[in-house]
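The next block holds one structure in the form of structure tokens; read it before the comments.
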Amino acid sequence: MPIITLTSDFGTKDHSVAAVKGALYSELSQVTVVDISHEVPPFHITEAAYIIKNAYHNFPKGSIHIIGIDSELTPENKHLALFLDGHYFICANNGIMSLIAKEIRPEKMVEINIHNSIDTNFTVLDVFVRVAAHIFRGGTLEVIGKPIQAIKEIKNIEPVLLEQKNQLIGHVLYIDNFGNVVTNVTKKYLLQVAKGRKIKIKVRGIEFNQVYDSYSDAINFNEPKDKRVEEGKKIALYNASGYLELAIYRSNLNTVGSASSLFGLKLMSTININFS
């Protein structure tokens, strides 16, 4: 049986997440519901896309992913159901799927059109749950929506390579639970444009002259422990999702601080990468 996942900006203080789960269990008594995250900042499409993109492919094919981010139905914010990479996605047509599906074209896309038969002011609860239940039972997308050929795209968060080809301008895409800063620059793209040149990263007057493949690669374990530079060491690395990340080794927001706080970075802050 398919797994249903939930991602939202609802937080956990209010009743919203519990209500959606309760509705799913009422519709589908045998379903397994998994939370991806409910701590996405309100309406933050790019952060939600990063989380979902790096999580969904770990679930079995046929899984159904409900995305409750900026999901209120308006004439400019229709609802979608898509089949992509063996998975189903139910969300608003607000650009989030263009970020998740940047490198993979959806096999099927429909604009959900069952709203007239549902009295609701909470579309994730009433509309998205019903669509998920329909798919879970083996229903086709064409029954709950009309086929479409294109979705809204977000294109302004790509890194920019300057005309001289010696500098790349990136931005902060995501800040994780440890305060580590993930940029919108992938390892694949960075190595492609560097073309073997040395990489120097500059941010807020701080420089990184080496990019590691993991946190522990930055530590010299051949030195005695009492002589190593460990806690608080600044690091640039390629994270497990293949993105350039700026971090503090064993960061702790209450003691040594984090990359976000110590470097003065927030979402969409600029990162300069120079090649020589």
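Taken together, the values in this text are just the output of simple stated rules run on the coordinates, not laboratory data. This is a predicted model, so every value here is computed, not measured. Reconstructed Cβ throughout: ideal geometry from the backbone, glycine too, with neighbour counts over all protein chains shown.
Considering only alpha-carbon pairs that sit under 8 angstrom and 6 or more positions apart, the relative contact order computed for region 31-86 is 32 percent. Straight-line reach from residue 187: taking Cα to Cα under 25 Å and skipping same-chain neighbours fewer than 8 places apart, the lysines in range are 53, 102, 155, 165, 195, 198, 200, 202, 233, 234, 266.
With equal scatterers on the alpha carbons only and no solvent term, can you work out the Debye log10 of I(q)/I(0) for region 1-63 at 0.12, 0.15, 0.20, 0.26 1/Å? The Debye formula, applied to the Cα set alone, gives -0.32, -0.50, -0.84, -1.15. Sorting 203-214, 55-66 by their mean Cβ neighbour count within 10 Å, with the most densely packed peptide first, gives 55-66, 203-214.
Residues in region 204-215 carry Karplus couplings, in order, of 6, x, 9, 10, 10, 9, 8, 10, 8, 8, 7, 4 Hz; the curve used is 6.51 cos²θ - 1.76 cosθ + 1.60 with θ = phi - 60°, and Gly or Pro positions show x. With a simple spin-label model that places each label point 7 Å from the Cα along the Cα-to-Cβ direction, the separation between residue 35 and residue 252 comes to 2.6 nm. For residue 108, nonlocal amide neighbours, meaning residues 5 or more places apart or on other chains whose placed amide H falls under 5 Å from its own, are 83. For region 20-37, backbone phi angles converted through the Karplus equation (6.51, -1.76, 1.60; θ = phi - 60°) give residue-by-residue couplings of 5, 4, x, 5, 5, 5, 5, 6, 9, 5, 9, 6, 9, 10, 10, 7, 8, 6 Hz, Gly and Pro being listed as x.
Only DSSP H runs of four or more residues enter the estimate; each adds -39500 (n - 2.57), and after division by the residues of the chain the mean residue ellipticity at 222 nm equals -4500 deg cm²/dmol.
Under 14 Å Cα to Cα from residue 21, which aspartates and glutamates show up? Leave out anything in the same chain fewer than 8 places away. Counting by Cα, and skipping residues close in sequence, residue 21 has these aspartates and glutamates nearby: 35, 126. Looking at region 1-53, the trypsin sites (Lys or Arg not before Pro) that sit in a DSSP loop and have at most 12 other Cβ atoms within 10 Å of their own Cβ are 13. Calculated from the structure at hand, percent of Cα pairs over 33 Å apart is found among (1) 16; (2) 32; (3) 23 as (2). With a ≥ b ≥ c the root eigenvalues of the C-alpha gyration tensor of region 3-147, is it rounded (a/c under 1.5), prolate (a/b larger than b/c) or oblate? Because its axes are fairly even, with a/c under 1.5, region 3-147 counts as rounded.
DSSP beta bridges fully contained in the chain are about 75 percent antiparallel. With an a/c value of 1.5 or above and a/b larger than b/c for the gyration tensor axes a ≥ b ≥ c computed over the alpha-carbon atoms, region 99-249 is described as prolate. Over region 160-275, Cα pairs under 8 Å with separation of 6+ residues give a relative contact order of 39 percent.
Taking all Cα pairs closer than 8 Å and separated by 6 or more residues, the relative contact order of the chain comes to 15 percent. Distance from the alpha carbon centroid of region 74-107 to that of region 117-189 works out to 6 angstrom.
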